[in-house]
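Report on the following structure.
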Amino acid sequence: MGKQKKVEVRTVREVLQRDLEDPEFRVEWERTALARAVALAVLRYRNNHQLSQRDLAHKLDWKQPAVARLESGEVNPALETLLDRMEVQPADAPETSSALTPKQ
């Protein structure tokens, strides 16, 4: 048997820090900041309320792929879309709440 190659393990933060040194990557990272924040809020809400994408889509009167697109964190949602279907919680809301919740 040959020698095993030693693999350097890096944390996600370390990889991100390195990638952010690339100007093109940084521009894209900053451009999609809102998309990532919305994705995390939607995922947190679904998790806290034990909803599937289909369940949440039904509550919002959307189709399931629209929820999947929001959760991907790759597409900046239209502000009008969010304001029409979601309520924005205050920034100092408890950690267990989601920043975005479906309107009742």
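The values are calculated or read from the model by the stated rules, or taken from the named source; none is laboratory data. Since this is a predicted model, take the numbers as computed values, not measurements. Quick reminder, even Gly has a Cβ in these numbers, built from the backbone with ideal geometry, and neighbours come from all protein chains shown.
Worth a mention:
- When each of 91, 66, 41, 35 is tested for being in a helix (DSSP H, G or I) and at pLDDT below 90, the lone residue that passes is 41.
- Residue satisfying condition, being under 21 Å from residue 79 (Cβ atoms) and in contact with a Ser or Thr (Cβ under 8 Å, 6 or more places away or on another chain), within set 41, 37, 33: 41
- Within the span defined as segment 10-27, one or more residues are part of a loop (DSSP other than H, G, I, E, B) and among the acidic types (Asp, Glu).
- Condition check for residue 61: over 17 Å from the mean Cα position of the chain (by Cα) and modelled with pLDDT of 90 or more: no
- Pairing residues of segment 1-21 that are modelled with pLDDT of 95 or more with residues that are assigned to a helix (DSSP H, G or I), at Cβ distances under 8 Å and at least 6 apart in sequence or on separate chains, gives 19/25; 19/29; 20/26; 20/29.
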